[in-house]
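Notes follow once the structure below has been shown.
The values are calculated or read from the model by the stated rules, or taken from the named source; none is laboratory data. Since the model is a prediction, treat every value here as computed from it, not as a measurement. Here Cβ is always computed from backbone atoms with ideal geometry, including for glycine, and neighbour counts include all displayed protein chains. The area values use the complete protein model at the heavy-atom level, side chains included, leaving out ligands, DNA and RNA. Shrake-Rupley method; radii C 1.70, N 1.55, O 1.52, S 1.80 Å.
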Amino acid sequence: MAEKMYSVEEVADLLGLHVRTVRGYIRAGRLAAVRIGKQYRISAADLEALTGRRPPPANAASPVEVSSIVQVDGVDRVAADRLSTLVLAGVNTGGGAGPPLRVQAVHDEERSRMKIVILGGAAATADVLRLIDAVIGGENGLLASEDDHA
């Protein structure tokens with residue numbers, strides 16, 4: 001039986017990467033691939049060599065992935081740094097059984113606005129959203145004014 005061969009698009013989807021990133025890995029020699037016509041094909045063994053884990057079977061149901069964008073208004077640089085540090089620490093120490101979460105925080109100083117992008121499993125994403133809500137919400141939250149703390 002022939003070994004499963006993945007397209008660049010399939011590998012990008014499996015790894016959560018952009019197609020250009022996968023092509024860059026191939027050009028740099030980090031990921032072995034065979035060129036067939038104008039397209040690359042990557043064997044399961046070569047994909048495993050790159051990632052250190054076996055790719056899922058072709059007929060396996062794909063796990064649920066949630067993408068969330070949290071926008072927080074009225075955030076100065078100090079509060080944005082605190083919130084992003086807390087969220088990233090919570091994500092990195094979670095040690096969940098599922099695939100790791102991908103989190104990115106961006107602060108727009110001109111608009112005093114922060115956006116937190118979360119990609120990952122449904123349960124882990126829900127935990128992060130609850131953490132954010134607990135940290136910024138209420139009168140004791142991160143964004144409460146000094147008058148609220150007095």
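On average over all directions, what projected area in square nanometres does the stretch 65-126 have, based on the convex hull of its Cα atoms?
Seen from a random direction, the Cα hull of the stretch 65-126 projects 3.8 nm² on average.
Restricting to DSSP loop positions (anything but H, G, I, E, B) with no more than 12 other Cβ atoms inside 10 Å of their own Cβ, which trypsin sites (Lys or Arg not before Pro) remain in the stretch 67-127?
R111
Please work out the FRET efficiency for the pair Q104 and E3, using the Cβ-Cβ distance as r and a Förster radius of 41 Å; give the result to the nearest 0.05.
With R0 = 41 Å, the Cβ-Cβ based efficiency is 0.70.
Can you give the extra length, in nm with one decimal, that the chain gains between R35 and T51 once fully stretched, where that is 0.36 nm per residue apart less the Cα-Cα distance?
Going from the current span to full extension adds 3.7 nm.
Given 0.36 nm per residue, what is the gain on full extension from A126 to R111 after removing their alpha carbon distance, in nm?
Length gained between A126 and R111: 2.7 nm.
Which value, in Å² rounded to 10, gives the accessible area of H18 with a 1.4 Å probe and all protein chains present?
For H18, solvent-accessible area is about 100 Å².
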